[in-house]
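Asker: Sending over a structure as C-alpha cells; questions will come in a sec.
The values are calculated or read from the model by the stated rules, or taken from the named source; none is laboratory data. Quantities reported herein were computed from a predicted structural model and do not represent experimental measurements. All Cβ positions, even for glycine, are placed from backbone atoms using ideal geometry, and neighbour counts span all protein chains on display.
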Amino acid sequence: MIRAVRRTSGRTGRFLLDALAWREPDRQYALVAWSLLSGAVWLGVCLVTQPVWTELTLVCCYLVGVLAAVCAIDARYGIIPNSLVVALVIGQILHAFLTGQGEGLLQRSYEAMLVFAAACLFRTAYRWLRGYDGLGFGDVKFATAGVLWIGIEGVPGLLLVAVLSAVASQLILKAEGHDLDGKQAISFGPHLAIGIWLIWIADPLQFG
C-alpha cells in the first residue's frame with residue numbers, strides 16, 4: 001500500500017513538472033497542469049479569510065491530489081485506476097459528513113447515477129453509430145464520481161472545460177507536427193479532472 005502511494009506520488013510529481021515546464025512527454029497537458037496550479041494558488045488566497053480554513057485546506061489538498069494523480073496516470077498509461085475513482089468518492093463522503101452535509105450527499109448520489117446512465121447510453125450509441133468507442137468506461141466512472149463533488153448543475157461546465165482543454169491539447173500536438181485523425185484515442189481523464197477542479201472551486205457556496 002505504501003509502495004503504491006509512493007509510486008503514484010512519484011508519477012504525479014513527474015507529470016506536473018514536465019507539463020508545467022513544457023517538456024515531453026507531457027507537454028500537451030501544460031494547460032491542465034497550469035490550471036491545477038492556478039486553482040490551488042487562488043484557493044490559498046481565498047482560504048485565509050475563512051473561519052474553517054484548516055478543514056477546507058485539507059479538502060482542497062485531498063481533491064487536487066487525487067485529480068493530479070488521475071491526470072498523471074491516464075496521460076502516461078491511458079487508464080484511470082478504480083482505486084482513484086474510489087478515493088474520489090470516499091473523499092466527498094467524508095467531506096459531506098464532516099461538514100454536516102450528509103443529506104445533500106444523498107441528492108448528489110441520485111444525480112451521479114443519472115449522469116452514469118446518460119454517459120453509458122451515449123457511449124453505447126456512439127459505438128453503434130461510429131463502430132468504435134468515443135468515451136472510455138474509466139472516463140464514465142470518473143465523471144460519475146466527480147458529480148458527487150460538483151452536482152448535476154456543474155456537469156455542463158465540466159463538459160465545456162473538458163472539451164476545450166482536450167481541443168487545446170490536440171492543437172499543441174498538431175502544432176508540433178503530429179498526424180491526428182478522428183479515430184485517434186486520447187486520454188480524456190486529465191481534461192475531465194481539470195473540469196471537476198475548476199467547476200468545484202468556482203462554486204460560490206464552497207467558500208462563501
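Asker: Inside the stretch 1-19, can you point out the residues that are farther than 21 Å from C60 by Cα, surrounded by fewer than 18 Cβ atoms within 10 Å (Cβ to Cβ) and of a type outside the set (K, R)?
Answerer: Residues satisfying the conditions are M1, I2, A4.
Asker: Let me ask something else about it. Search the stretch 77-116 for residues being touching a Gly at 6+ places or on another chain (Cβ under 7 Å) and assigned to a loop (DSSP other than H, G, I, E, B), and hand back the single one that is surrounded by the most Cβ atoms within 10 Å (Cβ to Cβ).
Answerer: This residue is I80.
Asker: Related question: Which of (1) part of a loop (DSSP other than H, G, I, E, B); (2) within 21 Å of C71 (Cα to Cα) is the odd one out, the single condition T144 does not satisfy?
Answerer: Failing condition for T144: (1).
Asker: Consider the stretch 88-116. How many of its residues are modelled with pLDDT of 95 or more and in contact with a Phe, Trp or Tyr (Cβ under 9 Å, 6 or more places away or on another chain)?
Answerer: The total comes to 1.
Asker: Quick check on the stretch 171-181. Is at least one of its residues surrounded by 15 or more Cβ atoms within 10 Å (Cβ to Cβ) and either in contact with a strand residue (DSSP E or B) (Cβ under 8 Å, 6 or more places away or on another chain) or more than 26 Å from L106 (Cβ to Cβ) (or both)?
Answerer: Yes, the stretch 171-181 contains at least one residue that is surrounded by 15 or more Cβ atoms within 10 Å (Cβ to Cβ) and either in contact with a strand residue (DSSP E or B) (Cβ under 8 Å, 6 or more places away or on another chain) or more than 26 Å from L106 (Cβ to Cβ) (or both).
Asker: Kindly provide the set of residues from the stretch 128-140 that are part of a helix (DSSP H, G or I) and under 24 Å from I73 (Cβ atoms), ordered by number.
Answerer: Selection gives F137, G138, D139, V140.
This table checks each residue for (1) among the aliphatic types (A, V, I, L, M); (2) surrounded by 14 or more Cβ atoms within 10 Å (Cβ to Cβ); (3) closer than 17 Å to G146 by Cβ.
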residue	(1), (2), (3)
A21	yes, no, no
Q28	no, yes, no
C46	no, yes, no
T54	no, no, no
V66	yes, yes, yes
